[in-house]
Amino acid sequence: QVQLAESGGGLVQAGGSLRLSCAASGRTLNIYRMGWYRQVPGKERELVARISSSGSTSYVDSVKGRFTISRDNAKNTVYLQMNSLKPEDTAIYYCYALNTDGFDYWGQGTQVTVSS
């Protein structure tokens with residue numbers, strides 16, 4: 001089992017920044033991909049960004065140039081630096097981890113609210 005603990009959400013004005021963190025614990029040896037999804041009530045969960053153990057990253061188009069995902073493999077922690085935030089970035093952000101056996105694990109979610 002893998003446990004994911006998220007932190008860093010909150011309320012910020014449009015144009016501001018937040019940094020989300022997600023620390024993995026437990027059986028972390030086989031984790032090869034981590035990332036962030038977000039969800040707005042009434043909408044499907046959306047992949048925001050992901051990063052592999054090699055450092056390869058991908059982003060949804062709407063956050064490219066504003067968000068940066070990074071990973072500290074030694075600490076089993078993934079970060080999401082969010083700059084130039086927009087009201088449409090408001091959502092619950094979920095951290096996830098995928099291991100080499102195909103199992104995925106999820107954090108409890110952290111609220112990000114961007115006011116206009």
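The values are calculated or read from the model by the stated rules, or taken from the named source; none is laboratory data. None of the values given here were measured: they were computed from a predicted structure. So basically every Cβ, Gly included, is an ideal-geometry build from the backbone, and we count neighbours across all protein chains shown. Surface areas here come from the heavy atoms of the whole protein model, side chains and all, with no ligands, DNA or RNA. Shrake-Rupley method; radii C 1.70, N 1.55, O 1.52, S 1.80 Å.
Before moving on, here are some points about what is shown:
- Relative contact order of the chain: 36 percent, from C-alpha pairs under 8 Å at least 6 residues apart in sequence.
- Were the residues from residue 66 through residue 5 laid out at 0.36 nm apart, the gain over their Cα-Cα distance would be 19.6 nm.
- The stretch 44-116: GluC sites (Glu not before Pro) in DSSP loop, at most 16 other beta carbons within 10 Å: 44
- Computing FRET efficiency as 1/(1 + (r/R0)^6) for residue 54 and residue 14, where r is the C-beta to C-beta distance and R0 is 30 Å, gives about 0.30.
- Length added when fully stretched, residue 27-residue 103, from 0.36 nm per residue minus Cα-Cα: 26.2 nm
- In the chain, the portion of solvent-accessible area held by carbon and sulfur atoms comes to 47 percent [1.4 Å probe, whole percent, DNA, RNA and ligands not counted].
- What the chain shows is 53 Å² of accessible area per residue, with the surface traced by a 1.4 Å probe over protein heavy atoms.
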